1. Checking the conditions here, which among Ile60, Ile82, Ile93 is among the hydrophobic types (A, V, I, L, M, F, W, C) and part of a helix (DSSP H, G or I)?
2. Scan the range 48-68 and report the pairs whose first residue is closer than 14 Å to Asp79 by Cα and whose second residue is assigned to a loop (DSSP other than H, G, I, E, B), with Cβ atoms within less than 7 Å and a gap of 6+ or a chain change.
3. Limited to the range 11-38, what total is found for residues that are loosely packed, with under 10 Cβ neighbours inside 10 Å and modelled with pLDDT under 75?
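The values are calculated or read from the model by the stated rules, or taken from the named source; none is laboratory data. Computed from a predicted structure; not experimentally measured. Note that we place each Cβ from the backbone using ideal geometry, even for glycine, and neighbour counts take in every protein chain shown.
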Amino acid sequence: MRQNLLKKLNLNSYEWWRNHRRLISAALLIALFGAYVRKPSENDFSVRDICAKLNSNYQITGRLALEKLNLKSQKGFSDREIANYYCERYLGIN
């Protein structure tokens, strides 16, 4: 049954690969390049989203912001102060 299915779909023959290898290779290359380009902007958006939620009407707590931003809690400072300071420096606010 499996061989019959492969024969019907023509996926088991070299002829199919020979005819479509450029298209498949180009599509994979474009997909990998897109993922490579998107990753830094995805991280930037994530940090900006967390900072916006932190500063707008207390949508998330300081502790949750520290966890999402991978920051450590410090003695003498509240979690919200540390996260706000990080957000100000990340966004370039003086």
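1. Ile82 is the lone residue from the list that is among the hydrophobic types (A, V, I, L, M, F, W, C) and part of a helix (DSSP H, G or I).
2. Hits for this filter: Leu54/Ile60; Gly62/Ser78; Leu66/Ser73.
3. Count: 2.
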